[in-house]
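Some notes on the structure that comes next.
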Amino acid sequence: MRCFFLKLAIPLSVLLVSSCAALDGTPSHTDVDAWLRYAPLDKQVARTYQNLPNKTLIVGDSIILRTAEQELVHSATQMLGRTLTSAPAPDGSMIVMGKLGEVRVLTALSSPSRNLIPDAYWITTAKVHRSPCIVITALNDRGVLYGVFALLSKIARGESLKGINELQVPSAPIRWVNQWDNLDGRIERGYGGRSIFFSEGKVRDDLTRAAAYARLLASVGINGCTINNVNAAPQVLDDSFIPQIARIADAFRPWGVQLSISVDLSSPKVIGGLDTFDPLDPLVATWWQTKVDEIYRVIPDFGGIVVKADSEGRLGPSSYGRTHADAANVIARALKPHGGVVFYRAFVYNHHLDWHDLKNDRAKAAYDNFHPLDGTFDDHAIVQIKNGPIDFQVREPVSPLFAGLHRTNEAIELQVTQEYTGQQKHLCFLVPMWKEVLDFDMRIDGASTPVKDLISGRIFHRPTGGFIGVVNVGLDDNWLGSPLAMANLYGFGRLAWNPALSAESIINEWTRLTFGADPLVVRTINSLQLNSWSVYESYTGPLGAGTLTNILGNHYEPGPESSEENGWGQWHRADRQGIGMDRTVATGTGYIGQYPEEVQKIYESLASCPDNLLLFFHHVSYTYVLHSGKTVVQHVYDSHYDGAQKAGDFVAQWETLKDRIDANRYADILDRFQYQAKEAVVWRDSICNWIYRLSNIPDQKGRLGSAKK
Ligand code: GCV
């Protein structure tokens, strides 16, 4: 098979990673293309695009505009089976791309329906020298690139372009991913192979995959990537390392992805030769300024710096009796002249908590640490807050800190890599969970204040804010180690762009882009994905108990006892009488008091606390009767049996797709579902045994036979 697009001038990075699709309609894919496979369209569908111009024109010049044009030419050619070419000057009917001001010199455009902001795009039609054209325009080059990806996505999904006039505006300026890559090439909580950036303490020579990653990110509007673990090695700031990082920034730049790094707060001392890293010491401030200036000399579009401090053994400002704001601000001030930002993580807690003390509560830590500092962070600092108060469990309430910062920029940290949600071995589509978090109304001062509007800065008129996804892709062909898990990365990007999108519409886009338009394929995969979170929750951690996994080990297998009687604070407080953490204000840890009043009222009372968070907020007996009418213990049995059964049913649902998708992906995913079905039974039996041992109350349906030990 001859690769049609070889004739076109496209970046080497794209060439190396793109599939060489047959033009006769034979399905072809590589996992590395993920949702950008741009398979050739069915001939009839392709004909509906016969009016799409064959020529493209960029107005203005920049590396991002050139990337946009090459992406359009190569991908549309691949899908439509006819050659698109780049025109050097206006020439008949064209797809015109460029910044609004420059496009307007060429054609009289009407006014957009809303104001454009940076990264927003507008796809419309206009006449250039009397020829009808499609125009993709924006305030900045990156917006034009996003418009091109949007147009290609429509074509790939067979959407009509007739009379197109679409303006899309991102919900927040910060739409970044974090990678927890170590310099030796391992990735913390990564399940998709070794790092695409680092190997043996150095930046890899071959950064093809870094460029391909940037392309994927850009296609869903992600504009920044932090390349190394938040548990940062100080060496990342070594003079000799910075030019190496600059090579990664070079690979990102054509796709408008800004590079950022995580740093160790003690760097001024550890690698800088100072005898302190006290953030209020002027020598330390000068050190950060000099270091940041040095970075910007080689990476002029550097995005910023992420800091994890005073957490899980990392050094921090407490070493000098300073605050987190002091630590964030010394770096923010160094970044400000260059337009960069510091992300200071709110994941700060004591992992040596005394478990004997029933008032101790890890969930309170972020709010206790950061709420008192509200208003003391510089404008170039952003507090990065995990969605829940513990740590990416299968279900948690939203972090009260989102409502606790009114004069501070904030960003939500969501976890794409499935650390506690099956590690890509179990299907767990997280968009429905993230939707619940983003839509959650904090009712600050009794007004509508959903989390999505707090993090965007809209409610308190903050200058910046947004979304961070911890992704941890690796060198595996399918990036995350599982093809279906890629829906989480796609979904993260789409929600960061527009949190109002429904989980249904997001998965529908992803499935069509990844697997094509066969209605049975689309229906089946959408349904598997949309049900997967609740199924996973039901056989791992129902009623808000948190994931009952082995928290001291791999965070994967069942291990509910590992949470108790240690300093990590992920307690369930399960004993012979009952289960759950009492976090009420009246008798418990007082955590509920961190929420605005209306939310407090819902969680404080057993009568209004939702069943799915009951054990997060209350300690109850095993015979406590839920709103559903079941006892706690019976719910645990039923939920685990039901969940394991549904996980088993995934296999049969997948089998209906035999011969409807390519054999490789069919077989690979079938294996995964078969494995998940077995693991769900292991989970079921383990948790049912555990709750039976504690409660001594048998299952009303007598199913514990196989499980009971
Ligand atoms: C990068 C959890 C994870 C750690 C991670 C930490 C964090 O504790 O298990 O691997 O460390 O969160 O988010 O900093």
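The values are calculated or read from the model by the stated rules, or taken from the named source; none is laboratory data. Since the structure is predicted, the reported quantities are computational estimates derived from the model, not experimental observations. Reconstructed Cβ throughout: ideal geometry from the backbone, glycine too, with neighbour counts over all protein chains shown. Accessible surface is based on the protein model in full, side chains and every heavy atom, while ligands, DNA and RNA are left aside. Shrake-Rupley method; radii C 1.70, N 1.55, O 1.52, S 1.80 Å.
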Placing one equal point scatterer on each C-alpha of the stretch 132-286 and summing with Debye, one gets log10 I(q)/I(0) at q = 0.11, 0.18 Å⁻¹ equal to -0.56, -1.08
Any idea what Rg and Dmax come out to for the stretch 427-573 if you just take the C-alpha atoms, in Å? 17.9, 52
Take the Cα atoms of the stretch 309-451, find their three principal axes, and give me the spread along each one in whole Å, biggest first. 43, 39, 35
Taking the Cα centre of the chain as the origin, how large is its charge dipole in debye, to the nearest 20, when only Lys and Arg (+1) and Asp and Glu (-1) carry charge on their Cβ atoms? 1920 debye
In sequence order, what are the phi-derived ³J(HN,Hα) couplings for the stretch 676-692 according to the Karplus relation 6.51 cos²θ - 1.76 cosθ + 1.60 with θ = phi - 60°, rounded to whole Hz, with x for glycine and proline? 4, 4, 5, 5, 5, 5, 4, 4, 3, 5, 5, 6, 5, 4, 4, 5, 5
Which translational diffusion coefficient, to the nearest whole µm²/s, is obtained for the stretch 393-448 from the Stokes-Einstein equation, given a Kirkwood hydrodynamic radius over C-alpha pairs, 20 °C and 1.002 mPa s? 164 µm²/s
Could you pull out the trypsin sites (Lys or Arg not before Pro) across the stretch 128-223 that fall in loop regions by DSSP (anything but H, G, I, E, B) with no more than 11 other Cβ atoms inside 10 Å? 130, 162
Under a 5 Å amide H to amide H cut-off, with H placed in plane at 1.01 Å, what residues pair with residue 342 once short-range neighbours are removed? 305, 381, 382
Residue 664 to residue 318: FRET efficiency via 1/(1 + (r/R0)^6), r the Cβ-Cβ distance, R0 60 Å, to the nearest 0.05? 0.70
Alpha carbon Rg of the stretch 620-709, scaled by the compact-globule rule 2.2 N^0.38 Å: 1.37
Spatial separation of Cα centroids for the stretch 512-555 and the stretch 254-332, in angstrom: 38 Å
Phi angles of the stretch 104-109, converted by Karplus (6.51 cos²θ - 1.76 cosθ + 1.60, θ = phi - 60°) into ³J(HN,Hα) in whole Hz with x for Gly and Pro, give 5, 5, 8, 8, 7, 8
First check a/c for the chain, with a ≥ b ≥ c the square roots of the eigenvalues of its C-alpha gyration tensor; if it is under 1.5, answer rounded, and if not, answer prolate when a/b is larger than b/c or oblate otherwise. oblate
Calculated P(r) of the stretch 595-661 - Cα pairs past 15 Å, %: 64 percent
With each pseudo-label sitting 7 Å past Cα toward Cβ, what's the residue 611-residue 108 distance in nm, one decimal? 6.4 nm
Using the beta-carbon distance between residue 298 and residue 166 and R0 = 30 Å, what value does 1/(1 + (r/R0)^6) give for FRET efficiency, to the nearest 0.05? 0.20
More than 21 Å apart: what percent of Cα pairs in the stretch 30-135 qualify? 41 percent
Hey, what do the phi angles of the stretch 244-259 turn into as Karplus ³J(HN,Hα) couplings, whole Hz, using 6.51/-1.76/1.60 and θ = phi - 60°, x for Gly and Pro? 5, 4, 4, 5, 5, 4, 5, 6, 6, 3, x, 9, x, 9, 7, 8
Provide the convex hull volume over Cα atoms per residue for the stretch 127-215, in Å³. 171 Å³
For the stretch 250-337, which whole percent of the accessible surface, found with a 1.4 angstrom probe, sits on carbon and sulfur atoms? 52 percent
With the stretch 443-500 reduced to its Cα atoms and the Debye formula applied, log10 I(q)/I(0) at q = 0.16 1/Å amounts to -0.63
Sorted by chain and then number, the residues having a modelled amide H within less than 5 Å of the amide H of residue 258, at least 5 places away or on another chain, are 224, 225
Need one number: convex hull volume per residue for the stretch 74-130, Cα atoms only, in Å³. 121 Å³
Entries in 425/701; 364/452; 678/701; 435/701 that, when Cα-Cα distance is taken, lie over 24 Å: 425/701; 435/701
Sum -39500 (n - 2.57) across every DSSP H segment of at least 4 residues in the chain, then divide by the residue count to get the 222 nm mean residue ellipticity, nearest 500. -11000 deg cm²/dmol
Rounded to a whole number, the Stokes-Einstein D of the stretch 293-384 in µm²/s (Kirkwood radius over Cα pairs; 37 °C; 0.692 mPa s) is 229 µm²/s
Virtual spin-label span in nm between residue 561 and residue 425, 7 Å along Cα→Cβ: 2.1 nm
Separation between the residue 200 and residue 527 pseudo-spin-labels, each 7 Å from Cα along Cα→Cβ, expressed in nm? 5.1 nm
Extreme residue, positive dipole direction of the stretch 259-393, given options 330, 371, 393 (C-beta unit charges): 393
Any idea what log10 I(q)/I(0) is at q = 0.09, 0.15, 0.19 Å⁻¹ for the stretch 69-195, Debye with uniform C-alpha scatterers and no solvent? -0.34, -0.76, -1.05
